[in-house]
Structures are given as structure tokens and as C-alpha cells.
Amino acid sequence: MGRRPHVLIIPFPAQGHVTPLMKFAYQISDHGIKVTFVNSDFIHEKLVATLPDEDEARSRIGLASIPDGLGPGEEDRKDSLKWTDSILRVMPGHLKELIEKVNNSNDDEKITCVIADTAVGWALEVAEKMGIESVAFCPFGPGSLALVFHIPRLIEAGHVNGIDGSLLNEELICLAKDIPAFSSNRLPWSCPSDVTVQEILFGLALQCIPAMNLPNWLLCNSVYELDSSACDLIPNILPIGPLLASNHLAHYAGNFWPEDSTCISWLDKQPAGSVIYVAFGSLAILSQHQFNELALGIELVGRPFLWVVRSDFADGSAAEYPDGFIERVAEHGKIVSWAPQEEVLAHPSVACFLSHCGWNSTMDGIGVGVPFLCWPYFADQFHNQSYICDKWKVGLGLNPDENGFISRHEIKKKIEKLVSDDGIKANAEKLKEMARKSVSEGGSSYENFKTFIEAMKH
Ligand code: UDP
């Protein structure tokens, strides 16, 4: 028998990238593959701080870290341009050193493969130069990836500006009949509120291009049957989702914030199918005015709700709730700063998911058949909304008023419409069943994963 395979996994340093790659790390370690998971030092500290001292994850997955070139605090990373520049400049060299160190320390445990997030294309290049097999992992949906791979042709055709990714004409981009068309503010790198962030997102999209030419594998957290048209446009793609942490161990090591699990015992006390779950992922931020409308909208519905309010959610800092709100909703509302989302969504008390439509949240909801109320913030979230509302028909969107805000009345109206729509509920159930089948023996994701594991072992 040969040496035990040793895989190094490296995500882009953001929650929505670390989460799926960590779930994947658990999944492959279940199959006897040794995993070293590499974060930036800054992210590593956050993950370790949320883990209990005696956590199973610490022994299952090797957690390693390398510098991203900036100081230890949040402050330096608030300048996204400085941060992404520093990552590109500094991390490839540190990754190479780390691999050399591991390989020189134990002949039997040499790294046999590097699995890199598509957003860190530079890591694939480091592996290639070192003669190590490289595999790409796409943390967003195949539809968005198909568009990203199309960028060189879009630039050549004069459709997209090669510097900031803006569209140079108003024509919609249609990749295939069954892929929702992309408009200028619905691109995977769109950030209508901040041009600099859009430029950064476009730079990250360009980082994905090397994965297009990989001779080997390109894994993604999706299900072939959910988006076969987009998958068919990407020859080497291998959908293996939806990835679930709950299949692998009770506590999982991918959170930047400690989970508040008191919300599960709170959910246990609520009637079946009654609770509105509200969560906007790790990055979305609302203005204080928009935050107030959201609070008052949820209150107006009068149903039980569970709301994740991160400490930086309102204008980048702690939220101020409308006067008297906390007292008025005390009986039927629960607010936490970070939830065990997979577990929450799978809870029988949950009726619907008011979501920013990040890809991971989308997969979380699809996997358990929960209808969505969509409130995208930036990047691929707009296009994910198109999948949810227009293609899969498992959710509704929210319309802004004449001042660009989503009013409390719109929130109330759409939540009520959503929870009474039997067609949407039935579609969500169908997709849940499709997702369940795909990860069960004989299903597409199951077979793709098996093929991959067998190849890793030989
Ligand atoms: N998440 C969580 N608890 C929360 C909110 C989010 O565990 O209270 C997880 C969620 O399950 C998902 C990830 O954080 O895996 C967010 O990723 P997503 O792609 O949805 O959004 P992003 O944070 O990248 O905008």
C-alpha cells in the first residue's frame, strides 16, 4: 500500500469561502485522507477562538496558518484594496515555504495534493510550480463560475471593461437558455454601492481563471441536476454538494464567530412551521435606516422570528434598535450574533429564510427545503436570487421603494405572501428531495465525490 494521501486545503480568507472548504475537509478526512487546512494567521486566530479546547476538529484536521502581510487587528483589513494586494504579494511565498517545511519534516507525510479555492488561483500556481497535483474548489455557483470563465471573451468582444468589470453596453449576457441572464448590476462581481469593492471583486473573479485550464478536478458545492446547463458549460466541473457539516461531526471548526446555540432550545418551543429566520451571512451591512425598517417589518408580521445580527451589521458597527423594539418583541423574537445556521434551517419550527442569498446560505436552504425571501447585497447574490425566484421558483424578491429602501410594509407583505404560497413550498420540497438523492448512494454528487476520493487514493 502507498503512502496515506496528504491534502493541503487553502480558502480565500473570508467566511463564505472557509465554510464550504472546511465542510469538504471533514468529508475527505472521513475517508482516511490527511488534511492540513491553511488559513491566514488572522483568520486562524478567529477560528481557534471559537473552538472548545478539547475539540474533535483539532485532531481531525491539521489547522495551519500563514501571514497575509498585515498587522494583527481588524483595522488594516478594512481597506479592502490594501488587504487583497497584500494577500497576492505575500501569501504565495509563505505557502511555498509552508509546503517545503511539511515535506522536509516527514517523508511519509509529504503533501500529495493542494486543493485551492478558485479565488486563490495563485495557490494553484504555487502547487503547479512545485510539481504537486492541484485541484480547484469553487465556493460559489456554477452559473456564476461559467460567467467568470467567459470573462476573457467578454473583454475581447468589448462587452466588459477589463479593469473594473463594468458592462460597456446594456445588452444582457445570456450564456444558455436555462441560465438566468446577467445584467450590469447582476454580475458575480457587482457591488452597486461601492466601485472600489466591485474592482476588487472583479480582480478575485480573474483569480479564478487558472482553474479553467486545470488538467484535473474542479469541485463545487452544488448539485448537477440543479444547474445542469451551467455545469455543461464547464467541462471539468464536479458538483459534490450540498456539503453539510452536520453529516460529519457535532461541532465544526469553520466559524469566525462563536455560535449561539441557545436559539435551538428557543426554536424547540415554537410551533412547527412558524418562525421567520433572518440572516445576512458574514459581510452584508445595512444602513441604520434600512436596519430600522427591517426590524419594524419583522415586528409587523407578528410571527416568531430568529434574527442574526452581527456586531457590525448596521453601518459597520453595533446596531441601534428602534425605540421600544426589543421590549415589544421579547415574547416572540430571538436575536443572536451568530447561529448554527444549518441546524436552524433544518429545524421543524422554521417557516422561511429571509436571506442575502450568499451561495452557501442558498445551498443550506435548498438542502432542507426552506422557502426564501431574497435580499441580495453584492457579488453573486443577485444572480443567486434569480436562480431562487425565477429558475427554481423557491422564493420571492423584495422591491425597493422610490428612495431605494425596502420598507417595513414590503417586508410584511412579502413574508405573508411567501408563507402562504403552497406552490413555492412544494418546489422547495422537490429541490430538497433532489439534493438528498444527489448525496445518497448512487446520486450524482455522491458518485462524483466517490470518483474524486478514489483518484486521491491512487
Ligand atoms: N452562517 C452561520 N451562522 C450565521 C450566519 C451564517 O453559520 O448566523 C454561515 C452559513 O451557514 C454559510 C456562511 O455562514 O455557510 C455564509 O456564507 P454565504 O455564502 O451564505 O454568505 P457570505 O458570508 O459569504 O456573504
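The values are calculated or read from the model by the stated rules, or taken from the named source; none is laboratory data. Fair warning: this is a prediction, and the values are worked out from it, not measured in the lab. Virtual Cβ from ideal backbone geometry, glycine too; neighbours counted across all protein chains shown. Calculation scope for accessible area: heavy atoms of the full protein, side chains included, ligands and nucleic acids excluded. Shrake-Rupley method; radii C 1.70, N 1.55, O 1.52, S 1.80 Å.
Okay, here's what the table says:
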{"item": "Table column - 3J(HN,Hα) (Hz), the range 301-311, Karplus curve with 6.51, -1.76, 1.60, x for Gly and Pro", "result": "5, x, 8, x, 9, 10, 10, 8, 10, 5, 5"}
{"item": "Among P304, G316, S228 the positive-end extreme of the charge dipole of the chain (Cβ point charges)", "result": "S228"}
{"item": "Where labels lie 7 Å past Cα in the beta-carbon direction, separation of S311 and D401 in nm", "result": "3.3 nm"}
{"item": "Cβ-Cβ FRET estimate between K457 and E100, R0 fixed at 22 Å, reported to 0.05", "result": "0.35"}
{"item": "Gain on full stretching of the segment that runs from D79 to A176 - 0.36 nm per residue minus C-alpha separation", "result": "31.2 nm"}
{"item": "Rel. contact order, % - alpha carbon contacts under 8 angstrom, at least six apart, the range 139-186", "result": "24 percent"}
{"item": "Accessible area (Å², per residue) of the range 214-359, counting only protein heavy atoms and a probe of 1.4 Å", "result": "37 Å²"}
{"item": "Long-range tail of P(r) for the range 53-117 (Cα pairs > 16 Å, %)", "result": "61 percent"}
{"item": "Accessible surface of the range 295-349, 1.4 Å probe, proportion on carbon and sulfur as whole %", "result": "49 percent"}
{"item": "Two-site label geometry, A157 and I209: point separation in nm, points 7 Å out along Cα→Cβ", "result": "1.7 nm"}
{"item": "Cα→Cβ-extended label distance, 7 Å offset, between S274 and E45, nm", "result": "4.3 nm"}
{"item": "Cα-based convex hull volume of the range 129-228 per residue, rounded to whole Å³", "result": "123 Å³"}
{"item": "Accessible carbon and sulfur surface of the range 39-185 relative to its total accessible area, %, 1.4 Å", "result": "49 percent"}
{"item": "Order by protection proxy (mean Cβ within 10 Å, highest first), peptides 112-121, 285-294", "result": "112-121, 285-294"}
{"item": "Computed accessible area, S183, all protein chains, 1.4 angstrom probe, square angstrom", "result": "30 Å²"}
{"item": "Alpha-carbon Debye profile of the chain, log10 I(q)/I(0) at 0.09, 0.12 Å⁻¹", "result": "-0.57, -1.07"}
{"item": "Centroid-to-centroid separation of the range 384-458 and the range 68-85 [C-alpha atoms, Å]", "result": "34 Å"}
{"item": "Residue-normalised accessible area of the range 129-199, expressed per residue, 1.4 Å probe, Å²", "result": "46 Å²"}
{"item": "Chain lengthening between S229 and S193 when straightened (0.36 nm per residue, less Cα-Cα)", "result": "9.9 nm"}
{"item": "Percentage relative contact order, the chain, counting C-alpha pairs under 8 Å, at least six apart", "result": "15 percent"}
{"item": "Rg/Rg_ref, the range 229-323, where Rg_ref = 2.2 N^0.38 Å and atoms are Cα", "result": "1.43"}
{"item": "Rounded percent of accessible protein surface that carbon and sulfur make up, the range 350-458, 1.4 Å probe", "result": "49 percent"}
{"item": "The chain: calculated mean residue ellipticity at 222 nm from DSSP helix runs of at least 4, using -39500 (n - 2.57)", "result": "-12000 deg cm²/dmol"}
{"item": "Long-range HN-HN contacts of C138 with modeled amide H, under 5 Å", "result": "T118, L219, C220, N221"}
{"item": "Neighbour-limited loop hits for trypsin sites (Lys or Arg not before Pro), the range 149-209 (at most 10 other Cβ within 10 Å; DSSP other than H, G, I, E, B)", "result": "K177"}
{"item": "Per residue, in Å², the accessible surface of the range 404-458 once ligands and nucleic acids are set aside, probe 1.4 Å", "result": "57 Å²"}
{"item": "GluC sites (Glu not before Pro) lying in DSSP loop within the range 11-96, provided at most 15 other Cβ fall within 10 Å", "result": "E54, E74"}
